[in-house]
Amino acid sequence: MKKISILILALGLIAMFACKKDETKAQLSASPNASVLTVPGGSQMVLLKSDSAVALTYNWTAADFGQTLVTTYTVEMDLAGHNFSNPIPVVLVSNVLTGSINTYDLNQKVLPYEYDPKNPVPVNVEFRVSAIVNANVPALYSAVIAQTITPYYVKIVYPILFVPGNYQGWNPADSNTVVTSLTSNGKYEGYIWFGIDACLFKYTQGPSWTTNWGDNAGNGTLQLNGSNIVAGSRGYYKLDVNLPALTHTFLLTTWTLIGDAASGWSTDIPMAYDTVAKTWSVTLNLSAAGLKFRANGTWDLNYGDDGTNTGKLLLGSANNITVPSAGNYTVTMNLSQPIYKYILKKN
């Protein structure tokens, strides 16, 4: 019996050692190494319409997680200095170290960065490649590569969702009541004036009811052919839709001007909404200093200059809108188009 006990103990120790060994093998490296990215075109690239079908190839080295794993690589792009706060996917592949996009498709991703797409100028962007194995392992990001890209003009056709409701006659083909996906990533946003209280609305894919979403429980989750979504008081609403996640939000907003160019950073100057022009505006005396627009008297939703001083707005921007000289101005904010803009007009 003693021999049998010793044998069982020995087998148990061997099994435990084997488990520990397997555990060690399953652990990822404590010092993983990110990929090294190479972008086409060098530090400056001019895109040409005549090359629209030409493939642009991105290459990178394998990310090292400490063992061989199936890895998804995404080449991401964002405006320089934005720290990839809103990255645009350029290439998405699995377990390979190269990927391509044609010139036309890259051009369509860069062109929205332009203030005036009809007259493109060089745009400073940054690229990186992310490596992901699963949701439980932190992604690895390559070093950032800066590049200046000059796009060419073509009419930009953004993906849209129609927003029919009782405020506009339940018309799913009304192109004036839509939300837009600037980066074609399935995430849509836009501002719409609901002229009635307790407005009912839905989202449709295309100008028909064939594919539509509602919210059965009124909890921000979308369902195909779901119930009508119910808004609150009449007014100007910010609508956000995340189709991949099937979620949505809506927020009633009123807008003010704030800044040391007006009455300081603690005093909101109310703006008026023009339902015909679809703009917010106010006329007032300003000094040569900074301004921002904010909603509902808080900083939760605000816009500043995008850093180019060309009249384009950026959500939560660190850059103020600069008033060049003191005087009486009409300040206008336009959130009715895919690219949000502002105008400072000296009277």
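Restricting attention to region 92-109, the residues that are aliphatic (A, V, I, L, M) and either under 17 Å from ALA53 (Cβ atoms) or touching a Cys at 6+ places or on another chain (Cβ under 8 Å) (or both) add up to 2.
Within region 257-269, being open to solvent by 20 Å² or more (accessible area, probe 1.4 Å) and under 16 Å from LEU344 (Cα atoms) holds for ASP260, ALA262, ILE269. Among the candidates ASN302, ASN319, single out the residue that is under 19 Å from the mean Cα position of the chain (by Cα), open to solvent by less than 50 Å² (accessible area, probe 1.4 Å) and in contact (Cβ under 8 Å) with a residue 12 or more places away in the chain. That would be ASN302, the only listed residue that is under 19 Å from the mean Cα position of the chain (by Cα), open to solvent by less than 50 Å² (accessible area, probe 1.4 Å) and in contact (Cβ under 8 Å) with a residue 12 or more places away in the chain. Within region 107-130, can one find any residue that is open to solvent by less than 40 Å² (accessible area, probe 1.4 Å), hydrophobic (A, V, I, L, M, F, W, C), touching a Phe, Trp or Tyr at 6+ places or on another chain (Cβ under 6 Å) and more than 30 Å from GLY232 (Cα to Cα)? Yes: region 107-130 contains one or more residues that are open to solvent by less than 40 Å² (accessible area, probe 1.4 Å), hydrophobic (A, V, I, L, M, F, W, C), touching a Phe, Trp or Tyr at 6+ places or on another chain (Cβ under 6 Å) and more than 30 Å from GLY232 (Cα to Cα). Residues that are of a type in the set (D, E, K, R) and either touching a Lys or Arg at 6+ places or on another chain (Cβ under 6 Å) or not in a helix (DSSP H, G or I) (or both) were ranked within region 47-90; the one that is modelled with the highest pLDDT is GLU76. Listed by position, the strands (runs of 3 or more DSSP E) contained in region 103-201 that have at least 3 residues being touching a residue at least 60 places away in the same chain (Cβ under 8 Å), over 25 Å from LEU222 (Cα atoms) and in contact with a strand residue (DSSP E or B) (Cβ under 8 Å, 6 or more places away or on another chain) are 123-132, 145-150. Listed by position, the strands (runs of 3 or more DSSP E) inside region 244-347 whose residues that are over 26 Å from TYR158 (Cβ atoms) and of a type outside the set (Gly, Ala, Ser) number at least 1 are 255-259, 264-270, 279-286, 290-295, 327-334, 341-346. The residues of region 202-232 that are crowded, with 16+ Cβ neighbours inside 10 Å, part of a strand (DSSP E or B) and touching a Phe, Trp or Tyr at 6+ places or on another chain (Cβ under 7 Å), listed by number, are TYR203, THR204, ASN212, TRP213, ILE229. Output the qualifying pairs, or none if there are none: Cβ atoms under 7 angstrom, residues six or more apart or on different chains, first residue in region 38-55 and open to solvent by 60 Å² or more (accessible area, probe 1.4 Å), second residue part of a loop (DSSP other than H, G, I, E, B). Filtered contacts from region 38-55: LEU48/TYR152; LYS49/TYR152.
The values are calculated or read from the model by the stated rules, or taken from the named source; none is laboratory data. Bear in mind that the values here come from a model prediction, so they are computed numbers and not experimental data. As a convention, Cβ positions derive from the backbone with ideal geometry for all residues, glycine included, and neighbour counts pool all protein chains shown. The accessibility values were calculated without ligands, DNA or RNA, using every heavy atom of the protein model including side chains. Shrake-Rupley method; radii C 1.70, N 1.55, O 1.52, S 1.80 Å.
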